[in-house]
Amino acid sequence: MEYNFAEIEEKWRKRWIERKTYRVNIDPKRPKFYVLDMFPYPSGAGLHVGHPLGYIASDIYARYKRLKGFNVLHPMGYDAFGLPAEQYAIQTGQHPAVTTENNIRRYREQLDKIGFCFDWDREVRTCDPGYYHWTQWAFLKMFGSYYDFDKNRARPIEELIKAFERSGTEGLHVACTKEMSFSADEWNKMSEEQKEAVLQNYRLAFRADTMVNWCAGLGTVLANDEVKDGLSVRGGFPVEQKRMKQWLLRVTAYAQRMLDGLNRLEWSDSLKEIQRNWIGRSEGAQVFFPIKGMEEKLEIFTTRADTIFGVTFMVLAPEHELVGRLTTPEYKEAVDKYLEETKKRSERERMADTKRVSGQFTGAYAINPFNGVEIPIYVSDYVLSGYGTGAIMAVPAHDSRDYAFARHFNLPIIPVVEGGDLSVESYDAKSGKMINSDFLTGMDVKEAIPAMIAEVEKRGIGSRRINYRLRDAIFSRQRYWGEPFPIYYKNDVAYPLPMDRLPLELPEVENFGPTADGEPPLARVKHWCTPEGYPYELSTMPGFAGSSAYYLRYMDPHNDKELVSKEADEYWRNVDLYVGGIEHATGHLMYSRFWNMFLYDLGYVCEEEPFKKLVNQGMIQGRSNFVYRIKGTKTYVSTGLKDQYDTQEIHVDVNIVKNDILDIDAFRKWMPEYVDAEFILEDGKYVCGWAIEKMSKSMYNVVNPDQIVRDYGADTLRMYEMFLGPLEQSKPWDTNGIDGVHKFLRRFWRMFFDRNGELALTEEEPTSGEWKTLHKTIKKVTEDIENFSFNTSVSAFMICLNELGNTKCNKRAILEPLVVLIAPYAPHMAEELWERLGHKTSVFDARFPEVDEKHLVEDSFEYPVSFNGKVRFKKGLSLSLSPKEIEAAVLSDPACEKYLGGKAPRKVIVVPGKIVNVVC
RNA sequence: GCUCGGAUGGUGGAAUAGGUAGACACGCGGGACUUAAAAUCCCGUGGGCAGAAAUGUCCGUACGGGUUCGAUUCCCGUUCCGAGUACCA
C-alpha cells in the first residue's frame with residue numbers, strides 16, 4: 001500500500017469542509033485559546049513558499065492546542081484596502097474591488113491546498129462595508145474622546161467640555177497638540193466654530209496643520225513608518241516635507257502606556273527593543289532662556305542640564321516660529337536666504353550629507369540664566385522642528401554635532417566635564433567630574449543632572465520633562481481605495497456623521513487618479529455630501545486603519561450592532577499567540593496596541609493589550625541557480641570548470657535544477673535561445689552555481705507552494721518548511737532536503753501496512769524499549785511545540801521512526817498515539833490513518849498523548865564528575881584521587897542519592913579526565 | 001555612529017541552570033536487490049597522525065585572552081556578517 005498523498009489530501013480537504021471540522025463557537029465549558037496570523041494583503045503575484053511559513057507554524061500550534069483540549073479560535077481574512085490595487089486601477093482602469101476579489105480567490109485556493117485549520121466562517125475583509133463600519137465607528141469614538149493624564153485613560157470629550165465650562169483650562173492635565181490657557185468665562189463666550197477649533201487641540205482623532213511626508217509619486221501623504229531612507233516603502237518614490245491640513249491620531253498620548261505595557265508582553269526582546277526605540281523616551285529638562293531685548297523667552301529641551309555652563313550658542317530649527325521675530329534687520333537677508341536653501345533640500349538630501357555643516361547667525365542673543373553670558377542664536381537644519389521644542393542649547397564640548405558646528409563657525413568650546421581631548425573631538429560620555437560649573441563643580445555627571453534640574457525648578461525657569469520621539473499618526477490619505485471618513489464639513493468645521501448612518505460607503509468613481517488640481521479622487525464624485533448637502537471629507541483612511549482591530553472582529557464577525565459583543569469579547573478576550581513578520585514592528589503592531597488601549601479605556605474591550613505572545617517568523621529568501629556561458633558561444637560550462645574559460649553568469653530557473661544539477665533537457669526547452677545549447681560537464685553532470693537572493697520573478701528563483709504540494713503533498717511541504725531551521729531565523733528556500741522529509745512520511749505510512757496493503761497492527765504488548773521510544777518522542781515533541789522548536793520536533797519523529805523501524809514495530813499501542821502526535825504536522829495523513837484504525841471521528845477530536853514518566857526511567861546514567869588530581873562535585877565536595885575514594889564519594893553525594901533513589905549502584909566507572917559513570 | 005542579534009563539518013542545522021560537540025537530514029562514497037531504471041534497504045562520512053585491522057592518539061564550535069577539574073555554552077577584547085535606527089539635543 002503506497003502512500004498516495006494526492007488522493008488522501010484531496011479527500012480530507014473535502015471532508016473537512018463538509019464536516020465543518022474547524023468551525024468554532026463559544027464554549028464556556030472549555031478554556032479558550034486564540035491563535036492568530038497576520039492577515040495577508042492579497043497581491044497579484046499569489047503566494048510563494050515564504051508566505052505560508054508562519055501560517056504553518058501557527059496551524060501546528062492551533063491543532064496542538066485543540067488536541068490538548070482547548071477551544072481554539074484560528075481565523076483568517078484579508079487586508080484588502082491598499083495601494084497596489086489602486087495603482088493597478090489607475091494604470092488599467094480595472095476597479096480595485098475586482099482585482100482584489102480575484103486575488104483573494106487565488107489566495108484562498110493556495111491556502112486551502114496547504115491544509116490549514118482556519119474557521120472560514122469567520123473570514124473578514126477590510127474593504128467590506130460591514131467590516132469598515134467598525135473602523136469608521138472607532139474613528140468617530142476617537143474623534144469624540146480626549147486623554148486625561150490624571151486618570152490615565154481616554155474619556156468622552158463631553159467631560160472635557162464640562163470642565164471647560166466649569167473652570168476653563170485650570171488644573172487640567174490632558175493630552176494636547178499645544179498648551180492652551182483660558183478661563184471658563186472665555187470658553188463660554190466662544191462661538192461654536194471657536195469652540196470646535198479649541199477642541200481639535202484635544203480630540204484623539206483631530207485635524208491639524210502639520211508637516212507631513214508628502215509623496216508626489218503616489219500623490220498622497222504617508223506615515224513615518226511608511227517612509228524609509230526618504231523614499232516611500234511602497235513604490236520607492238521620493239518623499240518630501242510639506243505643511244498640510246491632515247487628520248491625525250493622538251497616539252503620543254499613549255506613549256508611556258505603550259512603553260510600560262511592553263514589559264508585560266511575551267514578545268521577543270528585539271521586537272520590544274524596536275518599539276522602545278520608536279517611542280524613544282528621553283528624560284531631561286525644559287529650560288527657558290531669556291532673549292536679549294525681547295519679552296519672549298526661548299524654550300529648549302535638553303537631557304544634559306548639567307552642561308548648562310558650557311553653552312556657547314543656541315540653535316533654532318529653520319521652521320521655528322521665533323526665527324522671523326528675533327532675527328535682527330542686518331541679518332534678515334542672510335537668514336532668509338538660508339531658510340530658502342534648506343527648504344529646497346529634500347529630506348533625502350538632508351539625510352545623505354549629515355556631515356555637512358550649515359547654518360546662519362540671526363544677530364540675536366540669548367542670555368544664560370546661570371551666569372548672564374550673552375549667547376549668539378543661530379539657525380540650522382541639524383535641529384529638527386518636530387522633536388523637543390525645535391530649539392537647543394549648544395554645548396560643543398560635550399555634543400559631537402554642536403562640536404562640528406562650533407568648529408565650522410569658530411565658536412568657543414568650554415569644557416564642563418573632565419575627560420576626552422577637545423582638540424580632536426567632543427567628550428559626549430555621561431560620566432566624569434564637573435568643572436567650570438559654579439555650584440556643580442566637583443560633582444559627578446550623574447549627580448549633577450538632577451541637581452541642576454532641581455535648581456532650574458527652584459528658580460522657576462523650567463522643569464523636569466520627558467520627551468518622546470513618537471509622533472502622532474497622520475491618518476489621511478489622498479487616495480480612493482480606503483475607508484471614507486465619516487466626517488462632513490460646515491463652514492470648514494468638521495462634524496461627525498451620526499453613528500446610525502454608518503457605514504459611509506465608498507462611492508464609485510470613473511477615474512481612480514487624483515484630479516487635475518491635485519484633489520483626492522473622491523473630489524470627482526458629483527454628490528459626495530450628506531443628504532443635507534454638506535460636503536464629506538475627501539481623503540480616505542490609511543492601510544493601518546483596517547488592520548488595527550481586525551482580531552476583535554474575528555470574535556464576532558457577523559455582528560451588525562457592535563464591533564464585538566460583550567459575550568464574545570469576554571470569552572475570547574485577546575490573542576494568545578500572534579505570528580507574523582517583524583516588518584510590522586513600528587506600524588501595525590504600534591497602531592493596534594494604541595487602538596486596543598483606546599477601546600479598553602472606553603470599556604468596549606476587556607484586555608488592555610491585544611497580543612499576549614508574539615512570534616516573528618523569519619523571511620524565506622530565494623536560492624538562485626546559475627549557468628555559465630562561454631562568452632560569444634552557445635556552450636555552457638559546469639561550475640567547477642568555469643575558471644578555465646571567459647564566462648558570463650546567467651540566472652537559470654530553479655525549477656529545472658535539482659540539488660544544483662541542471663536538467664539539461666528541460667534547460668533546452670526552457671527558452672528558445674537555449675535549444676541548441678552545448679555543455680561541458682563535470683563527471684557527466686552539469687553543476688550549477690548558486691547564490692542567496694531575494695525571492696523574485698526576475699531571478700527565476702520563485703518557488704510556488706502549489707508545485708511543491710503537487711509533487712510531494714501538503715504534509716511534506718508543512719513538515720519540510722518546519723524542518724528548514726528555527727522559525728524565527730531567516731533562511732533560504734532550498735529543496736535539497738525535501739526528499740528526506742517526504743521519505744520519512746512514506747516510511748511512517750508503511751509502518752501500518754503489510755505487503756498486501758492491509759492494515760497490519762497487532763495488539764501485542766510493546767517492549768520496554770518501544771514504550772521508551774514512544775514516550776521519549778511524546779516528551780520531546782510536546783516540549784518542542786511549546787517552545788516553537790518545530791525543526792527539532794521533526795527530527796524527533798525521524799529518530800522515533802528509526803528506532804521503531806529497527807525492530808519492525810507494528811504494535812497498535814505504540815503506533816496509534818504516534819498518529820495523534822504527528823497530526824498537527826501532517827494532518828491529512830493522520831486523519832486517513834486514524835480512520836483506517838477504525839475511528840469514526842476526526843483525529844482532532846482525540847486527545848494529545850501524555851508522557852508517562854515510568855517508561856522513561858534510565859537504567860544507567862552518567863554522573864558528571866571530572867578527575868584531575870582531585871575531584872569536585874557540583875555540590876562542592878572535594879576529595880583525593882583514588883578510584884575507590886571517588887566511588888565512595890560519588891555514592892555518598894546527596895545528588896547521587898537522588899539519582900539512585902536509595903538503591904545501591906551496580907558499578908561505578910571512573911574515567912580519568914572525563915566523567916564518572918554510575919550504572920544501576 | 002548608536003542599539004540588538006549572530007558566527008559549529010561539503011550543506012541546512014542539533015546540543016547551553018558549564019559535563020562524551022556534530023543529533024536529525026541533505027550531499028558524497030561503498031554495497032544489497034533488479035535485465036535495467038525508479039523505489040527500497042544496509043554500511044561509511046569533521047580534520048591530522050600511527051596501524052593490515054580492531055583501534056589508538058592529537059587538533060577542532062570565527063580569532064586572542066580569562067574564570068573553571070572541565071567552556072560551543074560564562075566574562076573581557078578583536079574580526080566579520082545580519083537586522084533596526086539615524087542629525088532625537
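The table below lists the values:
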read-out: Scan of region A:694-719 for residues that are within 29 Å of residue A:809 (Cα to Cα) and crowded, with 23+ Cβ neighbours inside 10 Å, ordered by number; value: A:713, A:714, A:715, A:716, A:717, A:718, A:719
read-out: Any strands (runs of 3 or more DSSP E) falling wholly within region A:202-283 and containing at least 1 residues that are farther than 30 Å from residue A:728 by Cβ, open to solvent by 30 Å² or more (accessible area, probe 1.4 Å) and touching a residue at least 24 places away in the same chain (Cβ under 8 Å); value: A:205-215, A:240-249
read-out: Members of region A:627-639 found to be in a strand (DSSP E or B) and open to solvent by 10 Å² or more (accessible area, probe 1.4 Å), listed by number; value: A:628, A:629, A:630, A:635
read-out: Test for residue A:498: is it open to solvent by 10 Å² or more (accessible area, probe 1.4 Å) and out of contact with any Gly (no Cβ under 6 Å at 6 or more places or on another chain); value: yes
read-out: Filtered residues of region A:404-433 (kept if within 14 Å of RNA strand B (Cβ to nearest atom), part of a helix (DSSP H, G or I) and in contact with a Phe, Trp or Tyr (Cβ under 9 Å, 6 or more places away or on another chain)); value: A:404, A:405, A:406
read-out: Count of residues meeting criterion [open to solvent by less than 40 Å² (accessible area, probe 1.4 Å) and within 16 Å of RNA strand B (Cβ to nearest atom)] in region A:640-663; value: 4
read-out: Candidates A:267, A:278, A:247, A:214, filtered to the one that is farther than 28 Å from residue A:428 by Cα, within 16 Å of RNA strand B (Cβ to nearest atom) and among the aromatic types (Phe, Trp, Tyr); value: A:267
read-out: Residue A:735 vs. criteria polar (S, T, N, Q), open to solvent by less than 70 Å² (accessible area, probe 1.4 Å), within 11 Å of RNA strand B (Cβ to nearest atom) and within 30 Å of residue A:268 (Cα to Cα); value: yes
read-out: Matching option when the condition is touching a residue at least 40 places away in the same chain (Cβ under 8 Å), of a type in the set (Gly, Ala, Ser) and out of contact with any His (no Cβ under 8 Å at 6 or more places or on another chain), among A:737, A:757; value: A:757
read-out: For residue A:764: the one exception among (1) more than 10 Å from RNA strand B (Cβ to nearest atom); (2) among the charged types (D, E, K, R); (3) not in a loop (DSSP other than H, G, I, E, B); value: (3)
read-out: Condition check for residue A:89: open to solvent by less than 20 Å² (accessible area, probe 1.4 Å) and at pLDDT 95 or above; value: no
read-out: Residue among A:126, A:210, A:169 that alone is over 19 Å from residue A:254 (Cα atoms) and at pLDDT 95 or above; value: A:126
read-out: Tabulated pairs, region A:18-33, first basic (Lys, Arg), second in a strand (DSSP E or B), C-beta under 6 angstrom, 6+ apart or interchain; value: A:30/A:71; A:32/A:71
read-out: Residue satisfying all of: in region A:739-759; among the hydrophobic types (A, V, I, L, M, F, W, C) and in contact with a Leu (Cβ under 8 Å, 6 or more places away or on another chain); nearest to RNA strand B (Cβ to nearest atom) among these; value: A:744
read-out: Filtered residue count, region A:1-57, keeping only those that are among the β-branched types (Val, Ile, Thr) and assigned to a strand (DSSP E or B); value: 1
read-out: Count - residues of region A:476-518 that are closer than 30 Å to residue A:88 by Cα, at pLDDT below 95 and of a type in the set (D, E, K, R); value: 5
read-out: Residue satisfying all of: in region A:783-826; more than 24 Å from residue A:760 (Cβ to Cβ) and part of a loop (DSSP other than H, G, I, E, B); farthest from RNA strand B (Cβ to nearest atom) among these; value: A:824
read-out: Any hit, region A:357-372, residues being modelled with pLDDT of 90 or more, surrounded by fewer than 18 Cβ atoms within 10 Å (Cβ to Cβ) and either in a strand (DSSP E or B) or within 11 Å of RNA strand B (Cβ to nearest atom) (or both); value: yes
read-out: Test set (1) surrounded by fewer than 23 Cβ atoms within 10 Å (Cβ to Cβ); (2) touching a His at 6+ places or on another chain (Cβ under 8 Å) - residue A:59 fails condition number; value: (1)
read-out: Residues being buried (at least 18 other Cβ atoms within 10 Å of the Cβ), out of contact with any Phe, Trp or Tyr (no Cβ under 6 Å at 6 or more places or on another chain) and not β-branched (Val, Ile, Thr) - total across region A:96-109; value: 2
read-out: Selection count where residues are of a type in the set (Val, Ile, Thr) and over 17 Å from residue A:587 (Cα atoms), scope region A:243-293; value: 2
read-out: Residue within region A:461-481 that is open to solvent by 40 Å² or more (accessible area, probe 1.4 Å) and over 30 Å from residue A:179 (Cα atoms) present; value: no
read-out: Qualifying residue in region A:724-732 (condition: without any contact (Cβ under 8 Å) to a residue 40 or more places away in the chain, touching a Gly at 6+ places or on another chain (Cβ under 9 Å), within 30 Å of residue A:809 (Cβ to Cβ) and surrounded by 15 or more Cβ atoms within 10 Å (Cβ to Cβ)); value: no
read-out: Some residue of region A:582-602 being among the β-branched types (Val, Ile, Thr) and crowded, with 22+ Cβ neighbours inside 10 Å; value: no
read-out: Residue A:313 being touching a Gly at 6+ places or on another chain (Cβ under 7 Å) and either surrounded by 18 or more Cβ atoms within 10 Å (Cβ to Cβ) or farther than 30 Å from residue A:202 by Cα (or both); value: no
read-out: Residue in region A:386-403 that is farthest from RNA strand B (Cβ to nearest atom), counting only those that are surrounded by fewer than 18 Cβ atoms within 10 Å (Cβ to Cβ) and in a loop (DSSP other than H, G, I, E, B); value: A:386
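Yes or no, residue by residue, for (1) open to solvent by less than 20 Å² (accessible area, probe 1.4 Å); (2) touching a helix residue (DSSP H, G or I) at 6+ places or on another chain (Cβ under 6 Å); (3) of a type in the set (A, V, I, L, M); (4) within 16 Å of RNA strand B (Cβ to nearest atom):
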position: A:534; (1), (2), (3), (4): no, no, no, no
position: A:540; (1), (2), (3), (4): yes, no, no, no
position: A:544; (1), (2), (3), (4): yes, yes, no, yes
position: A:553; (1), (2), (3), (4): yes, no, no, no
position: A:561; (1), (2), (3), (4): no, no, no, no
position: A:564; (1), (2), (3), (4): yes, yes, yes, no
position: A:567; (1), (2), (3), (4): no, no, no, no
position: A:572; (1), (2), (3), (4): yes, no, no, no
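The values are calculated or read from the model by the stated rules, or taken from the named source; none is laboratory data. What you are looking at is a predicted structure, and each value in this text was computed from that prediction instead of being measured. Neighbour counts run over all protein chains shown; Cβ positions are idealised from the backbone, glycine included. Side chains included, ligands, DNA and RNA excluded: accessible areas come from the protein's heavy atoms. Shrake-Rupley method; radii C 1.70, N 1.55, O 1.52, S 1.80 Å.
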